[in-house]
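The values are calculated or read from the model by the stated rules, or taken from the named source; none is laboratory data. Values in this document were obtained by computation on a predicted structure and should not be read as measured data. Note that we place each Cβ from the backbone using ideal geometry, even for glycine, and neighbour counts take in every protein chain shown. Only protein heavy atoms, including side chains, enter the accessible area calculation; ligands, DNA and RNA are left aside. Shrake-Rupley method; radii C 1.70, N 1.55, O 1.52, S 1.80 Å.
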Amino acid sequence: MDVYFPLSKRSRTSASGEKFEQKKPSIEVLPDECLFEIFRWLRGGRERSSCACVSKRWLILVSNICKYEIRDNNIIHALNPKDESTNKKGGIVSEVEHNNVDSDGYFTRNLEGKKATDGGLAAIAVGTASRGGLGKLFIRGSNSWNRVTTVGLRAISRGCPSLRVLSLWNLSSIGDEGLCEIANGCHRLVTLDLCHCPAVTDKSLLAIAKGCPKLNDLTIESCANVGNEGLLALACCCPNLKSVSIKNCPLVGDQGVASLLSSASYSLTKLKLQALNITDEMFSVIGHYGKSVTDLSLTSLPNVSDKGFWIMGNSQGLQKLKSFTIASCLGLTDRGLEAVGKGCVNLKQFYIFKCDLLSDKGLVSFAKVAGSLESLQLEDCHRITQIGLFCSLLNCSAKLKVISLVNCLGVMDLTTGLPPLSPCESLQSLSIRNCPGFSDSSLAVMGKLCPQLQHVELRGLHGITDAGFLQLLKSCNAGLVKVNLKDCVNLSDKGVCRLTNMHRWTLETLNLDGCKISDASLFAIAENCRLLGDLDVSKCAITDSGIAALAHSDLINVQILSVSGCSMVSDKSLPSLRNLGKTLLGLNLQQCKAISRSAIDLLVQQLWRCNIRF
């Protein structure tokens, strides 16, 4: 396109004799409306990108051009039929770029901290428009830096109609106007994630509901001005919601969540509710309309009582539920837990956290009726005792494979009151962490109850000694594959040597961090463990001799090795570590004060394929 510029005038002399030169005319004197009209006639994405690089003003103007506002290339060709768009090599520009055809959104962009600005969003909009389109956009702001406003989101809405995933975190500067722009331009949006956006209100959700009917994944967290009205609009206009997560929104109550569930009862598969002002009535809706829900998480719901859990379980609507998490719900009692077990007949994974009213009676009753249960995790449930744990194993389903207890202070050794024991042949994984009352006698009983264990995690159990650990080893008939004994400070070389000897053909992962072991354990590992690939001996009393034994073994093929905090490992281990480097992919040498920095630098150069932490 030809642009007219008036002729420059000669220099003039003022009355005082000083010469001054009239400013040369520039395209910058044109108002935004004229520049916008000029940019509409640009033929392809390359030309628009070049113009956007001139200045921030041009970038914002170019980024605000919608696809339908670009002049038809047929009109341009009619005005100037002899001119053809060519690329750098002299060939004709591809039809995709020349016509800026519709795209599927191949690109993913992530802006964090100071990079999250309106200019950055405008550049993304211009840069991706003719090169496949933007499909996913993640913006992470901060409390001290919020430079994303409606201007940036407007650029995205006009230049990126292919956007499918939008995630906005910690953006106090984003309000309803910005999200309304997204709703008006990004009609393909299927995933919306809003976290700590205090200026967003129900008005935004109303616009999203009308403009993005394909929405199927919704996450709203800590948005204080979002309430029931917005959720009602989404329920009316977005019937295909598959995943809904609402956390810490004080204005959201029973009405809003119930509308979402009732409208998407046949499509909603994942539901997470946390820190909301919902009541027992909402739980009855979940039990009735959660027909397709497979993953349910209920956390910190103070207004829900035992009645709510009982009604939800007896509604018999959660037939497809497979994974269930209940955390910090003081209303959960033994009666409610038993009802949940009866109503969720296909439940496979169950996680309970900080439910203070739950006792052995409820746990055993649940174990009897949960016929499909495969994994049970209990954390901070202090009324659960050793009797409840053992009786649950005796009455559990034949499908139970994993059981985990974390920080359950009520689990303590008992010498009397235990029922007759019969083995739970299905259990393959046992995890006991930070339960100070769990010691040798409990471990011996667990060994008899679970003879098919393959994965054992005993962390922070100061009451476990070699005697109890040996009883467990004798009972494990299937062969241990993964063993984690971190911070079991009373376990010594005797137990580790027996472990490596009895399970030499199966052991793949061994964590001895903080155990009372020496080079003797490393000698036994080097001699027996053919399949060991991950070894952690951090904060142990091992020396250079133990590392040398590993290096000279023809059996060991360790890929991950950690000797962090081993003060007696020195520069003398450098040749051994270099030899182990033939198979090593990860090596942790942090807090090894006897290893010099020069030795580590040399090791980094020689073991270039290994990730070394120091």
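Filtering 373, 332, 347, 357 for residues that are in a loop (DSSP other than H, G, I, E, B), farther than 22 Å from residue 428 by Cα and open to solvent by less than 50 Å² (accessible area, probe 1.4 Å) leaves a single hit, 332. Kindly indicate the residue of the stretch 424-451 that is over 21 Å from residue 378 (Cβ atoms) and not in a helix (DSSP H, G or I) and also least open to solvent (accessible area, probe 1.4 Å) among those meeting that condition. Looking at residues that are over 21 Å from residue 378 (Cβ atoms) and not in a helix (DSSP H, G or I), I get 451. When the stretch 500-540 is filtered for residues that are basic (Lys, Arg) and touching a Leu at 6+ places or on another chain (Cβ under 6 Å), only 530 remains.
Go through (1) of a type in the set (S, T, N, Q); (2) under 26 Å from residue 375 (Cβ atoms); (3) more than 34 Å from the chain's Cα centre (by Cα); (4) assigned by the TED database to the domain that holds residue 540 and name the single condition residue 475 misses. Single failed check for residue 475: (4). Identification of helices (runs of 4 or more DSSP H) wholly contained in the stretch 465-584 with 1 or more residues that are within 29 Å of residue 439 (Cα to Cα) yields 466-475, 493-502, 519-528. Looking across the stretch 555-575, the residues that are under 38 Å from the mean Cα position of the chain (by Cα) and either open to solvent by less than 10 Å² (accessible area, probe 1.4 Å) or of a type in the set (Val, Ile, Thr) (or both) come down to 556, 558, 560, 561, 563, 566, 569.
Residues that are small (Gly, Ala, Ser) and part of a strand (DSSP E or B) were ranked within the stretch 317-329; the one that is surrounded by the most Cβ atoms within 10 Å (Cβ to Cβ) is 327. Number of residues in the stretch 164-189 that are surrounded by 18 or more Cβ atoms within 10 Å (Cβ to Cβ), farther than 26 Å from residue 144 by Cα and without any contact (Cβ under 8 Å) to a residue 60 or more places away in the chain: the value is 4. Just to be sure I understand, how many residues within the stretch 485-514 are within 32 Å of the chain's Cα centre (by Cα) and free of Cβ contacts under 8 Å to residues at least 40 places away in the same chain? Matching residues across the stretch 485-514 total 10. Is the stretch 151-163 home to any residue that is modelled with pLDDT of 95 or more and open to solvent by 20 Å² or more (accessible area, probe 1.4 Å)? Checked against the condition, which is being modelled with pLDDT of 95 or more and open to solvent by 20 Å² or more (accessible area, probe 1.4 Å), the stretch 151-163 yields no hits at all. Candidates in the stretch 452-472 are the residues that are more than 14 Å from residue 429 (Cα to Cα) and among the hydrophobic types (A, V, I, L, M, F, W, C); of these, the one that is surrounded by the fewest Cβ atoms within 10 Å (Cβ to Cβ) is 467.
Every test in (1) over 28 Å from the mean Cα position of the chain (by Cα); (2) open to solvent by 30 Å² or more (accessible area, probe 1.4 Å); (3) modelled with pLDDT of 95 or more is passed by residue 537 save one, and that test is (2). Being at pLDDT 95 or above and touching a Pro at 6+ places or on another chain (Cβ under 7 Å) holds for only one residue in 225, 248, and it is 225.
Residues in the stretch 583-598 that are under 29 Å from residue 531 (Cα atoms) and either open to solvent by less than 40 Å² (accessible area, probe 1.4 Å) or more than 35 Å from the chain's Cα centre (by Cα) (or both): 584, 586, 587, 588, 589, 592, 595.
Within the stretch 134-148, if we keep just the residues that are out of contact with any helix residue (DSSP H, G or I) (no Cβ under 6 Å at 6 or more places or on another chain) and not hydrophobic (A, V, I, L, M, F, W, C), the residue that is surrounded by the most Cβ atoms within 10 Å (Cβ to Cβ) turns out to be 141.
Being open to solvent by 10 Å² or more (accessible area, probe 1.4 Å), at negative phi, without any contact (Cβ under 8 Å) to a residue 40 or more places away in the chain and in contact with a Phe, Trp or Tyr (Cβ under 9 Å, 6 or more places away or on another chain) is a property that does not hold for residue 383.
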